[in-house]
Structures are given as C-alpha cells and as structure tokens.
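**Student:** Once you've had a glance at the structure underneath, I'll fire off some questions.
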Amino acid sequence: MSLKPLVIHADARRTLIEWVADSPFQSAKVVIAKSEQAIVGHYHRLKDEVFLLLSGRAVKAVIGDAISEDIESPFRWDVPAGVWHEFTLEPESVLLGVATRPFDQEDEIA
C-alpha cells in the first residue's frame, strides 16, 4: 500500500486535506484526544494502517523503532502489519486512521 503526498488547499470557504491510495481501505476510525495520554501501543499481525493527524499536535509518536516528538498537523504515518505504534496527542487533536482490514480484537497485539 502506498499513498501519494497529502494535498492541502485552503480558501475562504474551507481547508481541504486529501490523500489518494492505490489500494482500497476497509475501515476508518477517528480519534479525538481528550487528554494528553498515550494511546496504548500495539501492533497488528494482519492489517496495514495509515494515520493522518488532521488537526492539533502529536506530542509523541512511536512507529517501530522511530520516535518523533512535537509533530504539527497535518502529518501522515504509514504503519505496515507487524510494526508497533503508539501516539500521545495534545487534547482536542484529531487523528484519522484507515486500515486494510476491519477491527479484530484477536489481531491487536499489545
């Protein structure tokens, strides 16, 4: 799965953030942070995910061995199956996650 770069366009009416994938996603989720706590780290054996920080700031993001801090929106992370991931978001930040498979508790390994 690969994505073309984010396209951002803003005018008086709205801000538009667009991305295009070369393979279909089967599920999507939105995380709206209520507090600055880590969204517990885990990995999936079967599904690939892409996360888009739509608004706000990621205080910290751990993707595999890579640790990033103080990331402003918009930003994108690609997370292949088998890669550990964890996010700490500033309150009210919005993170969109799309995946190649629907949620399956058995495939979420903490």
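To keep it simple, each residue is scored yes or no on (1) basic (K, R); (2) in contact with a Leu (Cβ under 6 Å, 6 or more places away or on another chain); (3) assigned to a strand (DSSP E or B).
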{"residue": "K34", "(1), (2), (3)": "yes, no, no"}
{"residue": "G41", "(1), (2), (3)": "no, no, yes"}
{"residue": "K47", "(1), (2), (3)": "yes, no, no"}
{"residue": "L53", "(1), (2), (3)": "no, yes, yes"}
{"residue": "V62", "(1), (2), (3)": "no, no, yes"}
{"residue": "I71", "(1), (2), (3)": "no, no, yes"}
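**Student:** Please verify whether D70 is open to solvent by 50 Å² or more (accessible area, probe 1.4 Å), on the phi > 0 side of the Ramachandran plot and not polar (S, T, N, Q), treating the condition exactly as stated.
**Tutor:** The answer is yes for D70.
**Student:** Among I39, I71, which is the only one that is within 13 Å of the chain's Cα centre (by Cα) and at pLDDT below 90?
**Tutor:** I39
**Student:** Tell me, which residue of the range 81-93 that is open to solvent by 30 Å² or more (accessible area, probe 1.4 Å) and touching a strand residue (DSSP E or B) at 6+ places or on another chain (Cβ under 8 Å) is farthest from I63 (Cα to Cα)?
**Tutor:** Restricting to residues being open to solvent by 30 Å² or more (accessible area, probe 1.4 Å) and touching a strand residue (DSSP E or B) at 6+ places or on another chain (Cβ under 8 Å), the top hit is E92.
**Student:** Right, next: Kindly establish whether A81 is of a type in the set (G, A, S) and either assigned to a loop (DSSP other than H, G, I, E, B) or under 23 Å from H9 (Cα atoms) (or both).
**Tutor:** In short, yes.
The values are calculated or read from the model by the stated rules, or taken from the named source; none is laboratory data. What you see is a predicted model, and the numbers here were worked out from it, not measured in a lab. Here Cβ is always computed from backbone atoms with ideal geometry, including for glycine, and neighbour counts include all displayed protein chains. Surface areas here come from the heavy atoms of the whole protein model, side chains and all, with no ligands, DNA or RNA. Shrake-Rupley method; radii C 1.70, N 1.55, O 1.52, S 1.80 Å.
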